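These notes concern the structure reproduced below.
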Amino acid sequence: MTTYNVLFGGAAGDGIETVAGVFERALKKAGNNVYSVHDFMSRIRGGHNFTQVRFGDGILTSHSGKLDALIPLNEETYQLHHVRLVEDGFILCDASLNISDSRKIAIDMKGIAKSFENPKVVGSVAVGAVLKIFGEHIDSALEIMQASLKPEILEVNLKALDAGYTSVEKRHEHVDAGYSHHMLLSGNEALVLGALAANMRFYSAYPMSPATSILESLSSKANNAKIVVEQAEDEIAAINMALGASYAGVRAMTGTSGGGFSLMVEALGFSGIAEIPLVIVNAQRPGPATGLPTRTEQSDLKFAISAAQGEFPRMVIALRNHGDAFYQTARAFDIAERYQIPVILLTDQYLADTTTTVPDFDLNRIPPLPECQETGEGDDYLRYRLTESGISPRRIPGKSQAIVTTDSDEHDEEGYITESAEVRKQMVDKRMKKLVTLEAELQEPDRVGPEKYDTLLVGFGSTYGPICEAIQTLAHESPKKYAALIFGDMHPFPKNRILECASKAKRIINIEQNATGQLASLLREQTGTVCTDSILKYDGRQISGEEIVDRLKEMKS
C-alpha cells in the first residue's frame, strides 16, 4: 500500500480550502483513495488554517501525523509543520518565502500569477506543481476546474494550473487504485444524504459550528428535494419548529452543537412526554460555553443520554464514519417514527468536516419510507392508549375525524391533562416499555482485530477510524495481540459483545476524546466492565492511529 500526506497551510482568506478542494477532487477523479482533514481557526481572516490530504491506493480510515509534502502559503505554516515532514519529503513554496531547508522546491508562484494579471491564482499554480511531483496527470484537475469555476475566472486558473505543472519535475508514479467512481463526501454531507434517503421533509436549525454545513447542504438541495429548510432565530425555535412539523406528519430533524443542544433540552423533554418523533443532531465541539468553536471533542455523551428533566425513552447513536453517518441517520428516522421517541445523533467536528472517498450507498438497506405511520382504527382512537409495547396509535391532524391531542403536561389516554397518581404511573410505565422492544434491535459494537488477544481497546463514534488503523499497525509491529470494539449505539446500551470480549482480555483500554472517560463510566455502569487504562485526548484535535500506537507502547504491560 502506498499513501502520501500533503498539507496546504496559510492564513484564513488565503484560499486554502479552495486549493485543497481542487487537489483532493482531482486525486479522487484520477482513482486515488482520499482522506482529508481540515483544521481552521474561529476567525474570518488571519490566523493559521490548514488542510491535510492523505491519498493513495490503500484503505484510509484516519489522518496521519507524518507529512510527505508541505505547501506553505506563508512562513508560519513552515515553522509550525516542518518537523512533521519525512526525510525524503519536500516543501513546495513561493520563492519569496524566507525558508532555509534542503527539502525546499521554490518556484515563482507569485510571479507566475502576476504574469496572468491575477494574484489570486497562486493556489492554482501550487496545485499544478504538486500534482506533477506526485505523478498525477493534469487532466483530472482541468476537468474539476471546468466543472466548478465561474466562466470569468476559468481560463486564467487553467493557465496558472498548467504553468505550475510545467515548472517542476515528477518524483513519484501514479497508481490508479480504482476509486474514481466513488463519492467524495464530508461526514455532514453523508448525514444529509442519509436524512434525504429516509424521506426527511423538514429541517430547522440555527447556524452553529460544526453543524452549520448540514443547514447549508440541505438549503442547496431544498428545491430539488422538495423539502422545507428553515433557519430559525435560535435553537429553541429550531427544535420547536421541527416538533411542529413532526406533529403535523412529516419526518423532521434539527441540528446544532453542544451549546445549542443545551437550549433545546426542554423541548427534548416535550418530544419525550408528547411522544412526537424527532431526530436531533449534536455535532460536538469542546465546551463548556463557547469553548473551541471549530475544534473536536466527544464530551457530550453523558449529557445526551440524560438531557432534560424527568425520565423518558430516547435513543442516542454515535456516528463512527461516513458510511455510518448515512445509514445510521436513515435508521434514526425509522426508529424515531416507529417508537415515537427522540433520537439523538452524536457526531463531532472531526467527522463532520473530514472528507473521504465513499462507495455508492446501498438504498436497499434503508427501511421502508412511508410519509408517516398513521395508526389506530375506527372511533376508538386514543392517542396515548396503554399498550403492551408502549407504542400508542398515532394519527395526523386533519387526515381523519379524530381529535389529535398532545400536551407537555402529563395526560391520560385521550391526551387530556391529568394529575392522577395512578394515571401518571401508567403513562410513565407505558413510555418506558418502548425500551424493552428497542433493546432487541440494538446494534452491537463493531469488532476489529484477531480472535485471540491480550488487550481490548474500546471506543465510540469518530475514534473508529484511528482505532482501526492502530489495530492494523499493531498487528505488524507488536508481539502483543490487540483487538477493539467501537460503539455506535450508546443508549440503550448494547451489552452482549462487550461482556463476551471483555472476559477474554487481560487489559481493557478506553480511547476517548474527553477528559473524564465517559465511555468507560458507561461501561462500568451498564455492564460492570472496568477499564484498566485510558487514552484520553481533549485538546480539540483528533487522535490519530499513530498516536494510539505510540501511547500504547508507552504503557506498562
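Place a +1 charge on the Cβ of each Lys and Arg in the chain and a -1 charge on the Cβ of each Asp and Glu, then give the dipole magnitude about the Cα centre in debye, rounded to the nearest 20.
Value, rounded to 20: 880 debye.
Quick check: the distance between the Cα centres of the range 255-289 and the range 1-79, to the nearest angstrom?
33
Please compute one quarter of the surface area of the Cα convex hull for the range 1-107 and express it in square nanometres.
Taking the Cα atoms of the range 1-107, their convex hull projects to 6.9 nm² on average.
Report Ser102's accessible area, 1.4 Å probe, all protein chains in place, as a number in Å² to the nearest 10.
Answer for Ser102: close to 120 Å² accessible.
Helix 187-197 against the longest principal axis of the chain: what's the angle in degrees, Cα atoms only, rounded to the nearest 10?
With rounding to tens, the tilt is 40 degrees.
If you count, for each residue, the other Cβ atoms within 10 Å and average over each peptide, how do 331-338, 384-391 line up from highest to lowest?
The most tightly packed comes first, giving 331-338, 384-391.
So between Ala440 and Asn118, what do we pick up on full extension, going 0.36 nm a residue minus the alpha carbon distance?
Here the answer is 109.7 nm.
Glu554 to Lys425: extension gain in nm, 0.36 nm per residue of separation minus the Cα-Cα distance?
Answer, rounded to one decimal: 41.1 nm.
May I ask for the distance between the Cα centers of the range 172-195 and the range 303-325, given as a whole number of Å?
27
In terms of the Cα gyration tensor, with a ≥ b ≥ c the square roots of its eigenvalues, is the range 273-368 rounded because a/c is under 1.5, prolate because a/b exceeds b/c, or oblate?
oblate
Given the rule -39500 (n - 2.57) for each run of at least 4 DSSP H residues, summed and divided by the residues of the chain, what is its mean residue ellipticity at 222 nm, to the nearest 500 deg cm²/dmol?
Using -39500 (n - 2.57) per qualifying helix, the result is -11500 deg cm²/dmol.
Summarise the accessible area of the chain (1.4 Å probe, protein heavy atoms) by the percent that is carbon and sulfur.
C and S fraction of accessible area: 49 percent.
May I ask you to order 187-200, 64-77 by the average number of other C-beta atoms within 10 Å around their residues, highest value first?
187-200, 64-77
Any idea what angle helix 212-225 forms with the longest principal axis of the chain, computed on alpha-carbon atoms, 0 to 90 degrees, nearest 10?
80
Just the number please: accessible area per residue for the chain, 1.4 Å probe, all protein chains included, in Å².
42
Students sometimes get this wrong: rank Arg394, Arg43, Arg365 by accessible area, probe 1.4 Å, all chains present, largest first.
Sorted descending by solvent-accessible area, the residues read Arg365, Arg43, Arg394.
Within the range 1-144, what percent of beta bridges assigned by DSSP are antiparallel, to the nearest 5?
Here the antiparallel bridges make up roughly 60 percent for the range 1-144.
Scattering from the C-alpha atoms of the range 406-545 alone, worked out with Debye: what is log10 I(q)/I(0) at q = 0.15, 0.18 1/Å?
Computed log10 I(q)/I(0) values: -0.76, -0.96.
For Ser478, put the label point 7 Å out on the Cα→Cβ axis and report which residues of the range 501-545 keep their amide N under 15 Å from it.
From the range 501-545, the list is 505-512, 532-536, 544-545.
Report the extension gain between Lys66 and Ala248 in nm, rounded to one decimal, defined as 0.36 nm multiplied by the number of residues separating them, less their alpha carbon distance.
60.3 nm
I'd like the orientation of helix 322-339 relative to the chain: the angle between its Cα long axis and the longest Cα principal axis, in ° from 0 to 90, rounded to 10.
Relative to the chain, helix 322-339 is tipped by roughly 10 degrees.
Any chance you could look up the accessible area of Lys433 with a 1.4 Å probe, heavy atoms only, rounded to 10 Å²?
For Lys433, solvent-accessible area is about 80 Å².
Quick one: Cα convex hull volume of the chain, Å³ per residue?
Considering the Cα atoms of the chain, their hull volume per residue is 158 Å³.
Arrange the residues Tyr482, Tyr206 by how much accessible surface each exposes, largest first, with a 1.4 angstrom probe.
The ordering from most to least exposed comes out as Tyr206, Tyr482.
Semi-axes, largest first, in whole Å: what does sqrt of 5 times each Cα gyration tensor eigenvalue give for the range 467-557?
21, 17, 12
Using per-residue counts of other Cβ atoms within 10 Å, averaged over each peptide, order 229-240, 494-505 from highest down.
The most tightly packed comes first, giving 229-240, 494-505.
The values are calculated or read from the model by the stated rules, or taken from the named source; none is laboratory data. What you see is a predicted model, and the numbers here were worked out from it, not measured in a lab. Note that each Cβ is placed from the backbone with ideal geometry, even for glycine, and that neighbours are counted across all protein chains shown. Note: accessible area is taken over every heavy atom of the protein model, side chains too, but ligands, DNA and RNA are not part of it. Shrake-Rupley method; radii C 1.70, N 1.55, O 1.52, S 1.80 Å.
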